[in-house]
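Chemist: The structure under discussion is supplied below as structure tokens; questions concerning it will follow.
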Amino acid sequence: MNVDIFVDNEANTTDGAVAVPATLPSLSVRSSERQATVADRNAGDGNNVNNAQTGDASIRSTSNVMLGGQNMMASVRRVNSIFFSSLSRSGLTRSLPSQEGSLNNSQIQNSSNQRRQSSPFFSLSNVFINASLVEENESNVVVDAEPIGFCHKHGKVIATLSFLVLVAFVTIMTLTLKRIIEARNMSLPSPVPSFAPSLAPSYDPRPTLEIVQERGTLRCGLVSFQFEGTFCFKLCQAIAAVALNNPDAVDSVNATAEARFVLLKERATDLHAGGATHTIEREVNEGTTGSPFTFSTPFYYDGMVFAGNATFVTCAEEQRRFNECSRLFICVAKSTTDLEYVSNHFTPSLFVTTASMTESIEFYSNDRCNVVAGSRLGLFNLKYTNDNLLDESFVIGDKTFNNDPLAFATRPDDPEWSRIINWVAQVLFFGERQEITKNLTLCQNSSGTFNASWTELNYLNAVYCVGNYAEIYSSSQLAKYDRQTINTINNGTAMLYAIPNGNLRNDNEITFYSLSETFSSIKRRGSLNCGLLIQDGYSEDDITASKRLFGMGVSYCETLVSSMLHGNMYAVNFIAFQNAEISLEALYNKTIDVLVGVPADMSRNFGSHSFEGVSFSTPYFYGNQTGK
């Protein structure tokens, strides 16, 4: 049964509902503005007529009431005692404007058909009403009714039109961009095919030694305060004495902690000697450049210390942040291992980063911090070479919080130059061990052009012209500081030192596998060919007869292959040698991938006419040979 209802703002009852004859269920509708009443009206005269008493089934015409300038009328259909909203099904439909007078059954049917066939498009004369069931009993049905908004009513139409407009816009933009790209491609000249790769024009492909000798000066990366007479500057002089036969041919290039590796990669410096910490990270993928670098034997074992106001230095050393330590504030340079330590042990609110240690000292002098975190070597450089910058109240702490092996850093694309730098450091140690001292009468000092290959270089010229390691140490600012045991020459004390990892959480993509042809071959083969040089006291026959290899070399190769092949320590093929020269030849011929147990010396490092030089790892065992 369909019953037309309307919202009447003129009529109202005390309970918001109108009683209709018992033969028909009545509807009470609550409007969003006020409750409305459905009443029987006489056709044309406005008098109420109770048709239920006569039993006539008729639909009385109703006078439409204007709400918001529109006629509010709807049909509510009761289906199995459940009311459906116009959003879910067709229970609420739009009614045509009512007509005066009564309608017979055929007119009712026609009216229903007209309602069902009414246009779904926009209409200003009628609106939908959304009704929800509130209460239902045998005589009354109460619903909440409110007009449906324009967008809600015509949502599908609006969505369809919006989609069509969007498709048209995307199509037009695609065609426009395509024409622009085609026009640009037509205007560009066709590239000339190249049959050979060309080098970057700013890079000289020649060996670094040849470039340095042609230039006549050594570009040494140093920190601004490492001027002439300091420890690191004298190390650069030792290298210049070997490579150029002139210890004074040093061109000092200011290289801050943040810029030092960038300058080295871009060939603005030939090496960095300002005290770069050798870490595994920097050997594989240095953070500021994303490139690997080669490091020499460490020339000084440094460490991070705190310096500044004595009270706050103690606070930093003990990591206290309360009472007198509540105002602790630390300055630390960027791109350093010092920053890694401070950031791991102090909250960001307790420290500030600077461009260099010099800037940290300036911050301290301007009361922008009360403690400076830095290397002991760098702080002593500043303490004793800048009397006007720091006074006696600036103290350097005694506690060391990390140990940094400082080494010369070079580019990995020129292993010959890296080996020259490394052996200059070694000859300084050798001079101290053998008590070879500075001797200007033996110093070959030439101010003119010097051309010599690595085989013709005089490495002892570094000692004769500049001094051995102990002489360089004692003649620099470090003379005011006691030499630590770790920085003494091999005299039976501890020699093994683990290289720090650095920041292995680097987000840059590490192209480690592409760095080495040998590494790629091992990955493809799925095994490591390890050569073992049999040490004194063992024979090859004894080892092969027992079918059992043992010793540090075996353990090293098993550890090495485990790190390369995802923990598979058994993917290794051992080949034993009794002769060092034969084992080196096997390494050169790529019969083996690595050779374990051979002593490191200069001739094997640089090679000979029969085979190229080999690279040595950090020593894992020290023998009794003098000067080794």
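The values are calculated or read from the model by the stated rules, or taken from the named source; none is laboratory data. Here the structure is a predicted model, which means the values were calculated and not measured. Positions of Cβ are backbone-derived with ideal geometry, glycine not excepted, and every protein chain shown enters the neighbour counts.
Chemist: Could you list, in sequence order, the residues of region 581-599 that are polar (S, T, N, Q) and closer than 20 Å to E558 by Cβ?
Modeler: Within region 581-599, S583, T591 qualify.
Chemist: Sticking with this structure for a sec: Just give me the residues in region 230-250 being part of a loop (DSSP other than H, G, I, E, B) and within 40 Å of the chain's Cα centre (by Cα), in sequence order.
Modeler: T230
Chemist: It is to be established whether one or more residues within region 388-409 are touching a helix residue (DSSP H, G or I) at 6+ places or on another chain (Cβ under 7 Å), of a type in the set (A, V, I, L, M), more than 20 Å from L264 (Cβ to Cβ) and touching a residue at least 40 places away in the same chain (Cβ under 8 Å).
Modeler: Yes, region 388-409 contains a residue that is touching a helix residue (DSSP H, G or I) at 6+ places or on another chain (Cβ under 7 Å), of a type in the set (A, V, I, L, M), more than 20 Å from L264 (Cβ to Cβ) and touching a residue at least 40 places away in the same chain (Cβ under 8 Å).
Chemist: For V372, which of the numbered conditions (1) assigned to a helix (DSSP H, G or I); (2) of a type in the set (V, I, T); (3) in the same structural domain as N403 (by TED's automatic domain parsing) fails to hold?
Modeler: For V372, the exception is condition (1).
Chemist: Can you tell me which residue among A470, A452, A462, A494 is within 27 Å of P599 (Cβ to Cβ), modelled with pLDDT of 75 or more and part of a loop (DSSP other than H, G, I, E, B)?
Modeler: A452
Chemist: Test of understanding: among T337, T279, which residue is touching a Pro at 6+ places or on another chain (Cβ under 6 Å) and either modelled with pLDDT under 90 or closer than 26 Å to P415 by Cβ (or both)?
Modeler: Checking each option against the conditions leaves just T279.
Chemist: If E432 satisfies every condition in (1) over 20 Å from A273 (Cα atoms); (2) of a type outside the set (A, V, I, L, M, F, W, C); (3) not in a helix (DSSP H, G or I) but one, which is the exception?
Modeler: The number of the failed condition is (3).
Chemist: Given the conditions (1) closer than 27 Å to G221 by Cβ; (2) out of contact with any strand residue (DSSP E or B) (no Cβ under 6 Å at 6 or more places or on another chain); (3) in contact (Cβ under 8 Å) with a residue 24 or more places away in the chain, and given that S343 satisfies all but one, which numbered condition is not satisfied?
Modeler: (3)
Chemist: Determine which member of the set F306, F329, F322, F299 is surrounded by fewer than 20 Cβ atoms within 10 Å (Cβ to Cβ) and either within 16 Å of L377 (Cβ to Cβ) or free of Cβ contacts under 8 Å to residues at least 40 places away in the same chain (or both).
Modeler: That would be F322, the only listed residue that is surrounded by fewer than 20 Cβ atoms within 10 Å (Cβ to Cβ) and either within 16 Å of L377 (Cβ to Cβ) or free of Cβ contacts under 8 Å to residues at least 40 places away in the same chain (or both).
Chemist: Just checking, does region 358-372 include any residue being basic (K, R) and within 30 Å of the chain's Cα centre (by Cα)? Steps first, answer last, please.
Modeler: Our first condition is that a residue be basic (K, R); within region 358-372, this holds for 368.
If we keep only those that are within 30 Å of the chain's Cα centre (by Cα) too, we end up with 368.
Yes, the conditions are met somewhere in region 358-372.
Chemist: What do you reckon, is F295 of a type in the set (F, W, Y) and modelled with pLDDT of 95 or more?
Modeler: Details: of a type in the set (F, W, Y): yes; modelled with pLDDT of 95 or more: yes.
Spelling it out, F295 is indeed of a type in the set (F, W, Y) and modelled with pLDDT of 95 or more.
Chemist: Looking only at region 251-261, which residues are surrounded by 24 or more Cβ atoms within 10 Å (Cβ to Cβ) and outside any helix (DSSP H, G or I)?
Modeler: A255, A257
Chemist: Could you go through region 334-349 and let me know if any residue there is assigned to a strand (DSSP E or B) and either under 25 Å from Q484 (Cα atoms) or aromatic (F, W, Y) (or both).
Modeler: Just the residues of region 334-349 that are assigned to a strand (DSSP E or B), to begin with: none.
Scanning region 334-349 turns up no residue that is assigned to a strand (DSSP E or B) and either under 25 Å from Q484 (Cα atoms) or aromatic (F, W, Y) (or both).
Chemist: Inspect region 476-491 for any residue being in the same structural domain as T230 (by TED's automatic domain parsing), within 22 Å of T618 (Cβ to Cβ) and modelled with pLDDT of 90 or more and give the result as yes or no.
Modeler: no
Chemist: Restricting to region 522-555, and then to whatever is of a type in the set (S, T, Y) and at pLDDT below 90, can you tell me which residue is surrounded by the fewest Cβ atoms within 10 Å (Cβ to Cβ)? It would help to see each step written out before you state the result.
Modeler: From region 522-555, those of a type in the set (S, T, Y) are 527, 538-539, 544, 546, 555; that's our starting set.
Retained after the next criterion (residues that are at pLDDT below 90): 538-539, 544, 546, 555.
Working: Y538: 15, S539: 11, T544: 11, S546: 9, S555: 12.
Restricting to residues being of a type in the set (S, T, Y) and at pLDDT below 90, the top hit is S546.
Chemist: For region 569-609, what are the residues that are outside any helix (DSSP H, G or I), touching a Phe, Trp or Tyr at 6+ places or on another chain (Cβ under 6 Å) and within 17 Å of F519 (Cα to Cα)? Walk me through it before giving the result.
Modeler: Looking only at region 569-609, we keep the residues that are outside any helix (DSSP H, G or I), and these are 569-579, 589-601, 607-609.
Remaining after also requiring touching a Phe, Trp or Tyr at 6+ places or on another chain (Cβ under 6 Å): 596, 600.
Correct list: V596 only.
Chemist: Let me ask another. Within the bounds of region 506-520, is there any residue that is over 34 Å from the mean Cα position of the chain (by Cα), surrounded by 12 or more Cβ atoms within 10 Å (Cβ to Cβ) and at pLDDT 80 or above?
Modeler: No, region 506-520 has no match at all.
Per-residue answers, yes or no, for (1) modelled with pLDDT of 90 or more; (2) surrounded by 13 or more Cβ atoms within 10 Å (Cβ to Cβ); (3) touching a strand residue (DSSP E or B) at 6+ places or on another chain (Cβ under 9 Å):
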| position | (1), (2), (3) |
| --- | --- |
| N579 | no, no, yes |
| L587 | yes, yes, yes |
| V594 | yes, yes, yes |
| D601 | no, yes, no |
| E612 | no, no, no |
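Chemist: Related question: Against the definition (at pLDDT below 85, surrounded by 14 or more Cβ atoms within 10 Å (Cβ to Cβ) and among the hydrophobic types (A, V, I, L, M, F, W, C)), how does F574 come out, yes or no?
Modeler: no
Chemist: Something else: Please list, ordered by first then second residue, the pairs with beta carbon atoms under 6 Å, 6 or more apart or interchain, first in region 451-479 and under 13 Å from C236 (Cα atoms), second assigned to a helix (DSSP H, G or I) and of a type in the set (K, R).
Modeler: V466/K234; I472/K234
Chemist: Specify the residue that is surrounded by the fewest Cβ atoms within 10 Å (Cβ to Cβ); the eligible residues are those in region 393-416 that are small (G, A, S) and more than 18 Å from Q319 (Cβ to Cβ).
Modeler: By that ranking, first place goes to S393.
Chemist: Oh, and also: Can you tell me which residues in region 269-307 are hydrophobic (A, V, I, L, M, F, W, C) and either touching a His at 6+ places or on another chain (Cβ under 9 Å) or part of a loop (DSSP other than H, G, I, E, B) (or both)?
Modeler: Of the residues in region 269-307, the ones hydrophobic (A, V, I, L, M, F, W, C) are 271, 273, 276, 280, 284, 293, 295, 299, 304-307.
Across region 269-307, the qualifying residues are F293, F295, F299.
Chemist: Sticking with this one: Testing K234 on (1) under 14 Å from R411 (Cβ atoms); (2) surrounded by 14 or more Cβ atoms within 10 Å (Cβ to Cβ); (3) of a type in the set (K, R), one condition comes back false. Which one is that?
Modeler: Of (1) under 14 Å from R411 (Cβ atoms); (2) surrounded by 14 or more Cβ atoms within 10 Å (Cβ to Cβ); (3) of a type in the set (K, R), only one is false for K234: (1).
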